[in-house]
Amino acid sequence: MKVITTLLSVLALASFVNAAEEGAKKPKMDPAKAFAKLDANSDGSVSKEEFLNSPQAKKDATKAEESFGKRDKDKDGKLSKEEFAPAKKKKKGE
């Protein structure tokens, strides 16, 4: 009986710890702040080099190259604030 009670206690504790870790995930950075952080030379745009030097890009360079290409609408090799901003999600039925 003590073994069953101990196991149930351990499982309950593990559930609480897991739930707490999920709730403590880092919130996404404000797009304006992220843009300013990436714009290393403060010229008002994020070059491909600046974009690829970000910590996220270093995790998956291929995905970062693809993301930059999709965002660079005018294909000038740099992202304006408008190009950098995340696309608005479409609502169902649109």
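Is the range 9-31 home to any residue that is surrounded by 14 or more Cβ atoms within 10 Å (Cβ to Cβ), at pLDDT below 95 and touching a Phe, Trp or Tyr at 6+ places or on another chain (Cβ under 9 Å)?
Checked the range 9-31: no residue is surrounded by 14 or more Cβ atoms within 10 Å (Cβ to Cβ), at pLDDT below 95 and touching a Phe, Trp or Tyr at 6+ places or on another chain (Cβ under 9 Å).
Specify which of the listed residues (A32, A61, A40) is farther than 12 Å from K81 by Cα and out of contact with any Asp or Glu (no Cβ under 8 Å at 6 or more places or on another chain).
A61
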Say we look at the range 77-94 and pick out the residues that are under 17 Å from L38 (Cα atoms) and in a loop (DSSP other than H, G, I, E, B); which of these is modelled with the lowest pLDDT?
P86
Just the residues that are more than 17 Å from the chain's Cα centre (by Cα) and surrounded by 12 or more Cβ atoms within 10 Å (Cβ to Cβ), please, taken from the range 47-74.
S47, K48, D72
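The values are calculated or read from the model by the stated rules, or taken from the named source; none is laboratory data. This is a predicted model, so every value here is computed, not measured. With ideal geometry, Cβ positions are generated from the backbone for all residues, glycine too; neighbour counts draw on all protein chains shown.
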